[in-house]
């Protein structure tokens, strides 16, 4: 995962946490729910990027192992 993608995913999670806490503090259920949704989206994106990177690494390993034959 590029450093930029990771930073974006973490930022979305942090913003979600802030929104959730603000929603709790102000008794705003919509803002709280929106914050939780943002956190979940950020986590899902991060997991997808991690899975993509692992798959690319596996492909590269296979190329390295069998490419010289």
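Since every read-out is calculated from the coordinates, none of them should be taken as a lab result. For clarity, every value in this text was computed on a predicted model and none was experimentally measured. When we count neighbours, we look across all protein chains shown, and the Cβ atoms used for this are built from the backbone with ideal geometry, even at glycine.
Only residues that are more than 19 Å from the chain's Cα centre (by Cα) and in a helix (DSSP H, G or I): list them for the range 1-34, please. 21, 22, 23, 24, 25, 26, 29, 30, 31, 32 - these are the residues of the range 1-34 that are more than 19 Å from the chain's Cα centre (by Cα) and in a helix (DSSP H, G or I). Might you check whether a residue that is more than 15 Å from residue 12 (Cα to Cα) and not in a helix (DSSP H, G or I) occurs anywhere in the range 52-60? No, because not a single residue in the range 52-60 is more than 15 Å from residue 12 (Cα to Cα) and not in a helix (DSSP H, G or I). The number of residues in the range 40-69 being in contact (Cβ under 8 Å) with a residue 24 or more places away in the chain and closer than 21 Å to residue 2 by Cβ comes to 9.
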